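Working notes, beginning with the structure itself.
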Amino acid sequence: MNNEPKRELIADRLRLARELSGLSQGQVAKRLGIQRPAVSEAEAGRRKVSAEELAKLSEIYAVSISWLAGVDPRNEDVEQDKIELAAREIAKLKKEDAERLWELLKVFRRSTDKS
């Protein structure tokens, strides 16, 4: 059985969740009690992630273990994943910052509609 697509999906989700959480690989490694290259290898799909690490990463990134593991029953659309994770981060913003972001999105949308 070829697990390469699943490993790539997990690696992509680990990287995406870390980036959207605003953490560096070094910061994640420190929280996990491992070396930074181990995080890099996991995000590249060259290192398996233990169940304990997966559980801790889900806490760090505030996502479900099933989503990180690629067994979430929802579709595996990476763009949709980005939108959902970004929405979680937006929800954490102060009200005035969220309103500024909303205004920027409207300006961006108008500029892309003209293209």
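Being at positive phi, touching a residue at least 12 places away in the same chain (Cβ under 8 Å), in contact with a helix residue (DSSP H, G or I) (Cβ under 6 Å, 6 or more places away or on another chain) and not polar (S, T, N, Q), is that true of even one residue in region 82-105? Within region 82-105, not a single residue is at positive phi, touching a residue at least 12 places away in the same chain (Cβ under 8 Å), in contact with a helix residue (DSSP H, G or I) (Cβ under 6 Å, 6 or more places away or on another chain) and not polar (S, T, N, Q). Scoring GLU96 on the criteria (1) over 13 Å from the mean Cα position of the chain (by Cα); (2) part of a helix (DSSP H, G or I); (3) modelled with pLDDT under 85; (4) not small (Gly, Ala, Ser) leaves a single failure, condition (3).
Inclusion of LEU32 among residues that are out of contact with any Ser or Thr (no Cβ under 9 Å at 6 or more places or on another chain) and touching a residue at least 12 places away in the same chain (Cβ under 8 Å) is warranted.
A Cβ distance below 8 Å, combined with a sequence gap of six or more or placement on separate chains, defines the contacts here; from region 35-54, residues that are in contact (Cβ under 8 Å) with a residue 24 or more places away in the chain reach residues that are in a loop (DSSP other than H, G, I, E, B) and of a type in the set (D, E, K, R) in the pairs ALA42/LYS48.
Yes/no per residue for (1) out of contact with any Leu (no Cβ under 9 Å at 6 or more places or on another chain); (2) among the polar types (S, T, N, Q); (3) farther than 30 Å from LEU101 by Cβ:
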site: PRO5; (1), (2), (3): yes, no, yes
site: LYS30; (1), (2), (3): yes, no, no
site: ARG36; (1), (2), (3): yes, no, yes
site: LEU54; (1), (2), (3): no, no, yes
site: SER64; (1), (2), (3): yes, yes, no
site: ALA86; (1), (2), (3): no, no, no
site: ILE90; (1), (2), (3): no, no, no
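Residues in region 57-76 that are closer than 18 Å to ARG7 by Cα, of a type outside the set (Val, Ile, Thr) and without any contact (Cβ under 8 Å) to a residue 40 or more places away in the chain: SER58, SER64, SER66, ASP72, PRO73, ARG74, ASN75.
Which residue is nearest to the chain's Cα centre (by Cα), if the candidates are limited to region 48-69 and must be surrounded by fewer than 17 Cβ atoms within 10 Å (Cβ to Cβ) and in a loop (DSSP other than H, G, I, E, B)? Ranking the candidates gives ALA62 first.
The values are calculated or read from the model by the stated rules, or taken from the named source; none is laboratory data. A quick note: this is a predicted structure, and the numbers were derived from the prediction, not measured. Every residue, glycine among them, receives a Cβ derived from its backbone with ideal geometry; neighbour counts consider all protein chains shown.
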